[in-house]
Amino acid sequence: MLKKLMSMLKSSETPKNKPAQAKSNVKSSGSSTKTKVQPTRIGELGEHKINIQLDQLPKGCKYLSDLLVANPKSRTGYSQIDHVVITPQGLFVIETKNYTGEIKGTRENKSWTVSNRYKMYNPFMQNYGHIQAIKSLLPDYQSSRYISLVSFTMRCRFSVDPELRKIQSDELIVYDVELSEYIQRKINRIQAEKVDAVLTDSDIQKIYQALSDANITDPRIRAEHVEKVGAGKRDR
């Protein structure tokens, strides 16, 4: 009789232990599902945000991203251009930056500062070199309008020339989330100027093809370019 009672007590305790164990497993699993964005992917995510913005451009516009083209005047022999947007009103050449803090500088300053702590090469001077590299590939479009756009993330605040935020300028500094808005506003502004030189659909396709053909995709050359750029920064 005593053995039977002990057996009954043991069997009645077992179900109570199982739910407790199951609850513990669920909690552990839930905490392990939290993911953290790795620093190495921040740049990729930033470029993805820019591509989303560019996908909102008006019909008839074309764009290319991450171009590497030959540039004999560059220290590395190449220019890496983040984005080029081709519109009937001209070409928007975009340089993207992934900094955090106060961005301070003028058009004339060779170096800009980030939160008064770090220096970076004036992005508009950098983008001027990109524009010249593009123009060298487009001999038939030397007189087309080229607009220099520099895009920063919302983690920045600008202490720059006020003119760089005004839509009448052909050099514009913007936040990544307002990129497509600024391009559209600039297109509208140029249209209002009633400029005669407008790129046709055929022109846009010709430019797009020329830049696509000039784009260097060889991984070895791209890696060498990145390495030389990095070495240059370390030498400064």
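The magnitude of the dipole of the stretch 106-236, with charges of +1 and -1 set on the Cβ of Lys/Arg and Asp/Glu and taken from the Cα centre, is near 700 debye.
Among the listed pairs 110/194; 59/119; 62/97; 59/110; 119/194; 166/228, those with a Cα-Cα distance over 31 Å are 110/194; 59/119; 59/110; 119/194; 166/228. Apolar share of the accessible surface for the stretch 42-108: 52 percent from carbon plus sulfur atoms, 1.4 Å probe. Summary of packing: across the peptides 96-105, 173-182, the per-residue average of other C-beta atoms within 10 Å ranks them, highest first, as 173-182, 96-105.
Quick one: grab the alpha carbon gyration tensor of the stretch 88-236, order the square roots of its eigenvalues as a ≥ b ≥ c, and give me rounded if a/c is under 1.5, else prolate or oblate depending on whether a/b is larger than b/c. Display every interim value, and only then the final one.
On the way: a/c = 2.18, a/b = 1.19, b/c = 1.83.
Oblate, because a/c is 1.5 or more while a/b does not exceed b/c.
Rolling a 1.4 Å probe over the protein heavy atoms of the stretch 145-201, with every protein chain left in place, gives an accessible area that is 49 percent carbon and sulfur.
For the stretch 109-170, with every protein chain kept in place, what is the accessible area per residue (1.4 Å probe, Å²)?
Working: 3190 Å² over 62 residues.
Dividing the accessible area of the stretch 109-170 by its residue count gives 51 Å².
Distance between the C-alpha centres of the stretch 161-231 and the stretch 89-155: 10 Å, rounded to the whole angstrom.
The values are calculated or read from the model by the stated rules, or taken from the named source; none is laboratory data. All values derive from a computational prediction rather than experimental measurement. Counting neighbours? That spans all protein chains shown, and the Cβs are built from the backbone with ideal geometry, glycine included. SASA here: full protein model, heavy atoms, side chains in, ligands and nucleic acids out. Shrake-Rupley method; radii C 1.70, N 1.55, O 1.52, S 1.80 Å.
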